[in-house]
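Right, one structure below, let's go through it.
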Amino acid sequence: MKLALREALRAFSRAPMLSALSVTTIAFSLFAFGLFGLVALNLRSALAQVEERVEVRAFIAEGTNPEATAAAVGDIAAFPEVASVRLVSEVQALERARRELGEFEDVFEAGILPASIEVRLKEGFRDPTNVRSVSRRLEVYDFVDDIRYGEEWVEKLYKLRTIATAAGISLGLVFALVAIIIIGSTIRMAVLARSREIAIMRLVGATNGFIRAPFLVEGFLKGLLGGLLALVLTWVTFQFVGQYVVQATYFDARLIVLGVLGGALIGLLGSAVSVGRHLGRV
Amino acid sequence: MIRFTHVTKHYPRGGPALDDASFHVNRGEFVFLTGPSGAGKSTILKLIYVDERPSQGEVRVAGQSSVTMTKHQIPALRRRLGVIFQDFRLLEDRTAEQNVAFALEVIGTSQQQIGPKVARVLTQVGLAAKATALPHELSGGEQQRVAIARALVNDPLVLLADEPTGNLDDRSTRGIFQLLRDINASGTAVMMATHDLALVKSLDFRTLELNRGKLVFDSGAQYPAPADEFDPPVAGSDAGAQPDAQPGAQPAEPPGEAGAAGDVGEAGEAGGAVAEGGAP
C-alpha cells in the first residue's frame, strides 16, 4: 500500500501537466453535472413549495351543529393522507377574505361566506388520485355542502411535477454518463501513458493486484481532487447567481459528500477498467 | 527445465507462428534460437514466459505446465525467469538502479534487501559506476546491461534474450554477448533469439533453427531429455523431445560427464555442470 501511494504520487510529480489536465477535466465534467444538479434541486424545492398549498376545502352548510363539525375534524385528522385539518368559521372566513382582497372590503357582509374545513395533505398524497379520494370521503358528511380542491390546478401541478421528474432523471443520467465517459477516457489516457510500466511489472512477475494498486490510488485521488474542484466551482457559481440573479438553495452536506465521493469513485472505477484491459490477456 | 511437446501456436490473425515444435532445454544450457524474422523465435520465448499460451501441445517451464497453469500462477513463474529485449524496455524517468530496484519493489521485496541486491547485480553487469545515470545518459550497450541487471536481480533459472544485440553496434554486441556467456558460466541458462548468423556460426553452442514456425534444426541438446528436477517422469517424453534432425547425436550421459560430448560449447558445458551441481 505504501508503494502504491508512492507510485501514485510519483505519477503526479512526473507528469504534472497530464495530471493537472485530467483533474481539471474531471472537475469540469463534474461541474456540469453539479450545475444541473443545482438547477434540479432548486426546481424541486420550488415545486414542493407550491405543492404544499394543495388543500381540500369542504364548505359547511349553514346552521350545522358545531359539535358535529368538531367531531368530523377529529375523524378527518385520522385519515392516513391527512397532514392537518383546520376549521374555519364564518367569521374567520370573512376576515380572511377582507385581508386578502382589501380593496373589495365593503362588498363582504357577514354571512356571505360559509364556514369550512380545510384539509392539507401529507407529502406524497398530493396527486390528483389521492386528492380526489380524500374529497370523496369528505362528501360523506351530510353537513358538507360543497367541496373544492382546484381540480384543474392540482392536475396541472401534478403533470408539471411528473415532467420535471422525468426530465431531471433523464438529463441527470445523460450528464452523469457524459461525465463518466470523459473521466473514464481521461484516466485511460493516464494509464496508457504508463503502459510500459505495466508491461515491465508483468514481465518481472508482479501480481495483478500489485500492478493495479497504484493506478487505483491515482484514479481515486484524481477523482477526489476533481470532485473538490467541482465543488468550489459550483459554489462560486452559486454565490454569483445568488448575488445577481436569484436566491437559491445549495447542496446540503450529505449531497456534497456524496458528490465528491462519487467523483473519487468514478476515478477509481475508471482506473480499474483501464488497467484491467492491460491485464486481461493470457 | 523447459520442455516443448508438440507445441503449435496460432495467432487469430496471421496463421501459425509455431508448428508442432518439440525440444527441451536443461539447466545451465546456452541455446541460440535462429531463423529469419517471423520464424517463431519470439513466439517460443513468449510461450516460455507465458505471455502467450500454446494453441496445441504443452509447454513445461520449471515444473509448471501450460496446460494446468492458472493465471494466478504466472507471476510466480515469471519471477524465476529473466527476459531482455532488443529495445531494452527501461523506464526513461528512472535511474539505472531505480530501474533494477523497480523489478524488486513490484514483487514485494523488502527495502533492506533491495539495496544490496541492486548493487551486486549492477556490479555483475559492469555498471556499478553508472548506477545513478538515467537511460538516455547511457549508451545502447549500457542500457542493455541495465536491462540484463534487472532480469538477473531475482536469480532466474533462465535468461530469455529476444534479439538482445539487434540495436547495438559490433563492439557493444560483443560486450553484451560476453556478458551473457559469463552469466551462463555462473549457472544461469540462457536462451538467445538472434538472426546474427555470423555470431551463431562462430560459436559451437546449441542452436535451434526455425523457419516459418517449424523447428528445422536442433544442433543437439547437451543431454537427452531427462525428467528434470522439477518434473515427474513422463512416459515417452524422451522420444517427443528429441529432434529428428540429429538422430543418434545424443549420448545418454549424466550431466556431470557432459565434457565427453565433444560438440558442446565450453561455456555451456561449464554452466551446465555448475547448475546441476549447485542447484538450490
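To the nearest 0.05, how large is the calculated FRET efficiency for B:R53 and A:M189 if R₀ is 35 Å and r is the Cβ-Cβ distance? Once rounded, the FRET efficiency stands at 0.70.
Summarising the label geometry, the points placed 7 Å from Cα in the beta-carbon direction at A:A71 and B:Q113 lie 9.0 nm from one another.
Distance from the alpha carbon centroid of segment A:1-19 to that of segment B:6-72 works out to 36 angstrom. Remark: mean inter-chain Cβ contacts per residue of A:197-203 equal 6, using a 10 Å Cβ-Cβ cutoff to other protein chain atoms. Inter-chain Cβ neighbour count for B:46-57, averaged per residue, equals 1 (cutoff 10 Å, partner chain atoms only).
Determine the sum of side-chain charges near B:V146: Lys and Arg each +1, Asp and Glu each -1, restricted to other residues whose C-beta is under 15 angstrom from that of B:V146.
For residues surrounding B:V146, the net value is +2.
Quick note on segment A:55-148: its Rg to Rh ratio, both from C-alpha atoms and Rh being the Kirkwood radius, is 1.00.
Does segment A:1-59 classify as rounded, prolate or oblate by the C-alpha gyration tensor (a ≥ b ≥ c root eigenvalues; a/c under 1.5 gives rounded; else a/b over b/c gives prolate, otherwise oblate)? Prolate. Each 20 Å bin, from zero up to the one with the longest distance, holds this percent of the alpha carbon pairs of the protein assembly as shown: 17, 32, 19, 14, 12, 6, 0.
Each part gets one Cα centre, and for segment B:176-191 versus segment A:20-56 those centres are 67 Å apart. Against chain A, whose longest principal axis is taken from its Cα atoms, helix A:66-77 shows a tilt of about 20°. Rounded, prolate or oblate for segment B:79-126? Axes are the square roots of the Cα gyration tensor eigenvalues, ordered a ≥ b ≥ c, and the cut-off for rounded is a/c under 1.5. The shape class here is rounded.
Read-outs: derived from the displayed coordinates by stated rules, not from any lab. The structure presented is a predicted model; accordingly, all values stated were derived computationally and were not measured. All Cβ positions, even for glycine, are placed from backbone atoms using ideal geometry, and neighbour counts span all protein chains on display.
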